[in-house]
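The values are calculated or read from the model by the stated rules, or taken from the named source; none is laboratory data. Note that this is a predicted model, so its numbers are computed, not measured. Heads up, the Cβs are rebuilt from the backbone with ideal geometry, glycines too, and the neighbour counts pull from every protein chain shown.
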Amino acid sequence: MAKTATKQKIVAMTGNAGCALAMKQINPDVVAAYPITPQTTIVEEFANYVANGVVDTEYINVESEHSAMSACIGASAAGARVMTSTSSQGLALMWEELSIASSLRLPIVMQTVNRALSGPINIHCDHSDSMGARDMGWIHLFAETAQEAYDNTIMAIKIAEHKDVRLPVMSMHDGFITSHAIDRFEVLDDADVKKFVGNYMPKHSLLYNPNEPVTFGPFAMPAFYYEQRKQLRVAIDGSKDIVMKVTDDFAKLSGRQYGLFEEYRLDDADVAVVVLGSTAGTTRYVIDAMRAQGVKVGMLKLRVFRPFPAEEIAQALSKIKAVGVMDRSDTVGTLGGPVYVEIKAALYNSKQRPAMQGYVYGLGGRDTGPDQIETVIGDLVKVVKGEQSPREAVTLLGVKE
């Protein structure tokens, strides 16, 4: 923990309410959103702030998520500070707009409350929605707890609007598990948040300076399209340093230090589990229990998925003998889930390369208990002992055979 520089208030509220509170403290110029479970209570709570005059945000009730992102793009292009929120099929309905927002370098911040994609229809948590949008040019932040969801919301604005970034950000937390469960966490003073995020001054806008006309939404022929996509790649690759700078600045304000990922008991570990989101809490519990039995196991909890911190992850895992990557989404037709595939690629050129196994778990909100994580760790221990080889095919945890 960094030294806390400001006085904070302890609250008990849901993760969604915490995100709505952070949005209230930021006081964006425009919010355009459409309700969808389990994100709905974020926009409900924020709409109450608008109705009660607590914020002066222009709240736009739209007829669909596609319209929501279209309105966000227009408002951001006009020079406004813009936020929104969605889940699952709502994110899917925005698909064609997501890459427009990133290619236009619009710093829109979107809460994405993770929920399974249809079909069949399911309203519970997995990460298939945001993972499906992982190549859209947005920065992706994942939260384990309501505290992290609240903190990430505030940091996301600062990251997105940084002059060397100017990219949209998705801030993820797990549907119902984090979004609807009441948690105890600390919140900053309104004035401190406002000072931290500062005033937004767009580099280019449709309305701020009519004497310097700009083009938004151009048609690019082959002579120009490729170079624009290169600029987007350079921008998102370079945003990693800014993510960490903002994170460090936030630590000075809040006393809470985050990173690209969190390492738990990894220093002397022989085997490691990689997770995202709320599953990290259960994983810590299992690790502590197995450490008491003499098993040298640790965890890497990924926080920043885009830009993917390949070099840093490779370094953190280079001394581990066997790694199990747990994905709460499946990439059908490949060797494993998206996180597994990314980490395996990141480790490919490492001189010290651990054995790896991929696991898919918790799809559609399927409960993930300690027994499943114990199974992962048990498999890894067997690999280290030479009792079994790493599986090429993904292992489906908790599925009914």
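Among residues that are closer than 14 Å to Glu374 by Cα and in the same structural domain as Leu380 (by TED's automatic domain parsing), Val273 is included. Output the residues belonging to the range 359-401 that are of a type in the set (Asp, Glu), part of a loop (DSSP other than H, G, I, E, B) and over 19 Å from Thr331 (Cβ atoms). Residues satisfying the conditions are Asp367, Glu387, Glu401.
With respect to (1) in a loop (DSSP other than H, G, I, E, B); (2) touching a residue at least 12 places away in the same chain (Cβ under 8 Å), the lone exception for Tyr340 is condition (1). Take the conditions (1) in contact (Cβ under 8 Å) with a residue 60 or more places away in the chain; (2) surrounded by 23 or more Cβ atoms within 10 Å (Cβ to Cβ); (3) assigned to a strand (DSSP E or B); Val11 misses just one of them, which is (2). Among the residues of the range 88-126, which ones are crowded, with 20+ Cβ neighbours inside 10 Å and aromatic (Phe, Trp, Tyr)? Selection gives nothing. Listed by position, the helices (runs of 4 or more DSSP H) inside the range 15-84 whose residues that are among the hydroxyl-bearing types (Ser, Thr, Tyr) number at least 1 are 40-51, 65-77. Do we have Pro338 as touching a Ser or Thr at 6+ places or on another chain (Cβ under 6 Å) and either within 15 Å of His127 (Cβ to Cβ) or among the acidic types (Asp, Glu) (or both) here? Answer is yes for this residue.
Among the residues that make up the range 273-281, is at least one of them without any contact (Cβ under 8 Å) to a residue 60 or more places away in the chain and either buried (at least 18 other Cβ atoms within 10 Å of the Cβ) or touching a helix residue (DSSP H, G or I) at 6+ places or on another chain (Cβ under 7 Å) (or both)? Yes, there is a match, as at least one residue in the range 273-281 is without any contact (Cβ under 8 Å) to a residue 60 or more places away in the chain and either buried (at least 18 other Cβ atoms within 10 Å of the Cβ) or touching a helix residue (DSSP H, G or I) at 6+ places or on another chain (Cβ under 7 Å) (or both). Exactly one residue out of Asn61, Asn122 is more than 30 Å from Ser278 (Cα to Cα) and either out of contact with any Asp or Glu (no Cβ under 7 Å at 6 or more places or on another chain) or not assigned by TED's automatic domain parsing to the domain that holds Ala32 (or both), and it is Asn61. Looking across Phe216, Phe185, one residue alone is more than 29 Å from Gly277 (Cβ to Cβ) and out of contact with any strand residue (DSSP E or B) (no Cβ under 6 Å at 6 or more places or on another chain). It is Phe216.
Conditions (1) free of Cβ contacts under 8 Å to residues at least 12 places away in the same chain; (2) assigned by TED's automatic domain parsing to the domain that holds Ala345; (3) touching a helix residue (DSSP H, G or I) at 6+ places or on another chain (Cβ under 9 Å); (4) not in a helix (DSSP H, G or I), marked per residue:
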site: Pro218; (1), (2), (3), (4): yes, no, yes, yes
site: Arg229; (1), (2), (3), (4): no, no, yes, no
site: Val234; (1), (2), (3), (4): yes, no, no, no
site: Thr283; (1), (2), (3), (4): no, yes, yes, no
site: Ser329; (1), (2), (3), (4): no, yes, yes, yes
